[in-house]
Amino acid sequence: MYGRVTGMTIVGVGGWPVTVEAFVGRGLPSLIVTGLPGATVQDARERIRPAVEHAGLEWPLRRVVVNLAPGNLRKDGAGLDLPIAVSVLAATGQVPSNRVTGVVLAGELSLRGEVLPTPGILSMVIAAVRARFRTVLVPEANAVEAAQVGGIDVVPVGTLDRAVAYLRGVWEPSDVPATSPDAWQAPDADLADVRGQLQARRALEVAAAGGHNLLLIGSPGAGKTMLARRLASILPALTRDEALEASQLHSIAGLLAGRGLLRARPFRSPHHTISTPGLLGGGSTVLRPGEASLAHRGVLFLDELTEFRRDAIEALRQPLEDGAVVVTRAGGSVTFPARFTLVAAANPCPCGFRGDPVRDCACRDDHLGRYRAKLSGPLLDRIDLRLSVPRLTRHELLGANEGESSAAVRARVVEARERQLDRYEAMGITCNAHLPGPIIRREAALTGAAERFLGGAVEQAALSGRGFDRVLRVARTIADLAGCTRVDVDHVGEALSYREALDEVNRVQSAS
């Protein structure tokens, strides 16, 4: 007796169709799974029989062999529980074989036959659409998520007996509740809450407009965290394609069950004790995205940057440059997208009060040297905007005037992004920060005066090749915010000021 259905497994960020074959033959009662099953799939042998029997169906008291093809692809995740169970039922004639043609099944089973929420459903449905399947059976908890893809009939099932009833043609599901991926509301945190800090507010606007990375350095209580958490409030809303990309990663991580696509850009703020695999992705068996990928198309905020493990923050150099994380293990490698805006905050010294006008620094010179060494030059060179955040004055703290709102700033950011999209759309680039070096040198469109001014700054500031390109990118963004077609001296001067701020902190430290 033979049955065959189609399931899905996750490889990296995408779904991969798996042909699930079941053969029921002579021999002692057993269930054998072949075809490079992972540990979770092997565990299904103990879950599936109780689930089938609890659903009122018959489990064959014979030798059952299930093969997962292709045989050279490792299959991980509990989403193959449902297709394995249905393949056995098809082999024993309890499910009509003609009813499973063109159908994809995905879902984890409990011992009671419930179809449980399963990570990665969004990627599985996208893969099913690309492979031209007409129907997909998914857990009820993942139905809204699956329905966002379109182009395929989504059948939500809460139990195994419901799935069998549908495949027998004796039950039809209710409509899947839809949510609009375009609905978006501004985050509760508003830039108007920030008192003073005009240069930092301006830096946030430039970072949002061009997708630039930002480092804030200042004493405790200066407002670094408050500023960083308001960057998301001035970013443009996600496009549908961006929402699909970001939502896939959250789906694989099991963070999307019961929801539709992400509406607001992700904001991830991991604790400084996070490991390198936790930050970049990985795992001993199943490779899963880390915080850098969960921040894809959004913001990755690293508070107390110097407290993070050195190997973890140094490993960010690749995604900051390439917009992707490549995780390699003995069994192969996968690539996770990680195109995020990095916002980092740090104190100027171990005690936090170096250069503070009110409190004296108590750090020894050797402590300062070790502290500064935690941030390497190559890492800092990948951060476009670096500035000091001073302590608020009495007038700023007690002042009644609120700053400009996030809505007003976001309007300028959206206009600047639209100018960049019009300019780079043919290249598939959305903002200035993602431009390769040779292209930004062409697209910057410097005036003669700006070119001479930047040439003098190269020698004075000892800019590296990467640093030179990053100044150009920031200057181009500042010009876009001003609505200028060419980059002038003022734009270059402001771009250079965001590098000189950190240099000033270093000079203060060195002179002590």
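Considering segment 488-497 alone, what residues qualify as being open to solvent by 40 Å² or more (accessible area, probe 1.4 Å) and hydrophobic (A, V, I, L, M, F, W, C)?
First pass over segment 488-497, keeping only residues open to solvent by 40 Å² or more (accessible area, probe 1.4 Å): 488-490, 494.
Residue satisfying the conditions is Val489 alone.
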Q.
Just the residues that are over 30 Å from Asp360 (Cα atoms), assigned to a helix (DSSP H, G or I) and either in contact with a His (Cβ under 9 Å, 6 or more places away or on another chain) or not aliphatic (A, V, I, L, M) (or both), please, taken from segment 188-246.
A. Glu205, Val206, Gly210, Ser233, Arg240, Asp241, Glu242, Glu245, Ala246
(Q) The conditions are (1) farther than 22 Å from Cys349 by Cα; (2) outside any loop (DSSP other than H, G, I, E, B), and Arg265 fails exactly one of them. Which is it? (A) (2)
Q: Could you please tell me which pairs satisfy a Cβ distance under 6 Å, a separation of 6+ or placement on different chains, a first residue in segment 145-170 that is closer than 20 Å to Gly258 by Cβ and in contact (Cβ under 8 Å) with a residue 40 or more places away in the chain, and a second residue that is open to solvent by 20 Å² or more (accessible area, probe 1.4 Å) and assigned to a strand (DSSP E or B)?
A: Ala147/Val154; Thr159/Glu114
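Which residue, of Ala127, Ala39, is at pLDDT 95 or above and under 37 Å from the mean Cα position of the chain (by Cα)?
Numbers: Ala39 fails: at pLDDT 95 or above.
Result: Ala127 is the single residue among Ala127, Ala39 that is at pLDDT 95 or above and under 37 Å from the mean Cα position of the chain (by Cα).
Hey, among Glu205, Glu314, which residue is out of contact with any strand residue (DSSP E or B) (no Cβ under 7 Å at 6 or more places or on another chain) and closer than 20 Å to Ile429 by Cα? Steps first, please.
Details: Glu314 fails: closer than 20 Å to Ile429 by Cα.
Exactly one of Glu205, Glu314 is out of contact with any strand residue (DSSP E or B) (no Cβ under 7 Å at 6 or more places or on another chain) and closer than 20 Å to Ile429 by Cα, namely Glu205.
This table checks each residue for (1) part of a strand (DSSP E or B); (2) open to solvent by less than 40 Å² (accessible area, probe 1.4 Å); (3) touching an Asp or Glu at 6+ places or on another chain (Cβ under 8 Å); (4) at pLDDT below 90.
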| site | (1), (2), (3), (4) |
| --- | --- |
| His271 | no, no, no, no |
| Ser284 | no, no, no, yes |
| Ser293 | no, yes, no, no |
| His296 | no, yes, yes, no |
Q. What is the number of the single condition among (1) assigned to a loop (DSSP other than H, G, I, E, B); (2) at pLDDT 80 or above; (3) surrounded by fewer than 17 Cβ atoms within 10 Å (Cβ to Cβ); (4) of a type outside the set (D, E, K, R) that Ala400 does not meet?
A. (2)
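Looking at this structure, is Leu280 in contact with a strand residue (DSSP E or B) (Cβ under 7 Å, 6 or more places away or on another chain), more than 29 Å from Asp469 (Cβ to Cβ) and of a type in the set (A, V, I, L, M)? Don't jump to the end; show me each part of the working.
Details: in contact with a strand residue (DSSP E or B) (Cβ under 7 Å, 6 or more places away or on another chain): yes; more than 29 Å from Asp469 (Cβ to Cβ): no; of a type in the set (A, V, I, L, M): yes.
Judged against the criteria, Leu280 is not a match.
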Q: Go through segment 96-134 and give me each residue that's in contact with a Gly (Cβ under 7 Å, 6 or more places away or on another chain), assigned to a loop (DSSP other than H, G, I, E, B) and charged (D, E, K, R).
A: Arg134
Q | Residue match in segment 449-464 (condition: assigned to a helix (DSSP H, G or I), among the polar types (S, T, N, Q) and either open to solvent by 50 Å² or more (accessible area, probe 1.4 Å) or at pLDDT 85 or above (or both)) | A | yes
Q | Complete set of residues in segment 377-395 that are surrounded by 14 or more Cβ atoms within 10 Å (Cβ to Cβ) and part of a loop (DSSP other than H, G, I, E, B) | A | Asp381, Arg382, Ile383, Asp384, Val389, Pro390, Arg391, Leu392
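Can you work out which of the residues in segment 145-160 that are under 21 Å from Leu109 (Cβ atoms) and open to solvent by 10 Å² or more (accessible area, probe 1.4 Å) is farthest from the chain's Cα centre (by Cα)?
So in segment 145-160, the residues under 21 Å from Leu109 (Cβ atoms) come out as 145-146, 154-160.
Within this subset, residues satisfying the condition of being open to solvent by 10 Å² or more (accessible area, probe 1.4 Å) are 154, 156, 158-159.
Working: Val154: 25, Pro156: 27, Gly158: 29, Thr159: 32 Å.
Of everything passing the filter in segment 145-160, Thr159 is farthest from the chain's Cα centre (by Cα).
Looking at this structure, is Arg412 modelled with pLDDT of 95 or more and either among the acidic types (Asp, Glu) or in a helix (DSSP H, G or I) (or both)?
On the way: modelled with pLDDT of 95 or more: yes; either among the acidic types (Asp, Glu) or in a helix (DSSP H, G or I) (or both): yes.
Yes; evaluated as a whole, the condition is true for this residue.
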Q. Within segment 344-365, can one find any residue that is open to solvent by less than 70 Å² (accessible area, probe 1.4 Å) and under 18 Å from the mean Cα position of the chain (by Cα)?
A. yes
Q | Subset of segment 175-199 that is surrounded by 15 or more Cβ atoms within 10 Å (Cβ to Cβ) and aliphatic (A, V, I, L, M) - its residue that is modelled with the highest pLDDT | A | Leu191
Q.
Being open to solvent by less than 10 Å² (accessible area, probe 1.4 Å) and at positive phi is true for just one of Gly120, Gly77, Gly93, Gly102. Which residue is that?
A. Gly120
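Residue by residue, here is whether (1) open to solvent by less than 30 Å² (accessible area, probe 1.4 Å); (2) not aliphatic (A, V, I, L, M) holds:
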position	(1), (2)
Gly211	yes, yes
Ser219	yes, yes
Ala237	no, no
Phe267	no, yes
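Limited to segment 399-452, what total is found for residues that are of a type in the set (D, E, K, R) and over 27 Å from the mean Cα position of the chain (by Cα)?
7
Assess whether Thr485 counts as being β-branched (Val, Ile, Thr), free of Cβ contacts under 8 Å to residues at least 60 places away in the same chain and loosely packed, with under 13 Cβ neighbours inside 10 Å.
Numbers: β-branched (Val, Ile, Thr): yes; free of Cβ contacts under 8 Å to residues at least 60 places away in the same chain: yes; loosely packed, with under 13 Cβ neighbours inside 10 Å: yes.
It is true that Thr485 is β-branched (Val, Ile, Thr), free of Cβ contacts under 8 Å to residues at least 60 places away in the same chain and loosely packed, with under 13 Cβ neighbours inside 10 Å.
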Q: Kindly provide the set of residues from segment 12-35 that are out of contact with any Ser or Thr (no Cβ under 8 Å at 6 or more places or on another chain) and either surrounded by 17 or more Cβ atoms within 10 Å (Cβ to Cβ) or hydroxyl-bearing (Ser, Thr, Tyr) (or both), ordered by number.
A: Phe23, Ser30, Leu31, Val33, Thr34, Gly35
Q. Which of the residues spanning segment 141-166 are among the hydrophobic types (A, V, I, L, M, F, W, C) and closer than 29 Å to Arg240 by Cβ?
A. Ala141, Ala143, Val144, Ala146, Ala147, Val149, Ile152, Val154, Val155, Val157
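The values are calculated or read from the model by the stated rules, or taken from the named source; none is laboratory data. This structure is a prediction, so every number in the text was calculated from the model and none was measured. We place every Cβ from the backbone using ideal geometry, glycine too, and count neighbours over all the protein chains shown. With ligands, DNA and RNA removed, areas are computed over all heavy atoms of the protein, side chains included. Shrake-Rupley method; radii C 1.70, N 1.55, O 1.52, S 1.80 Å.
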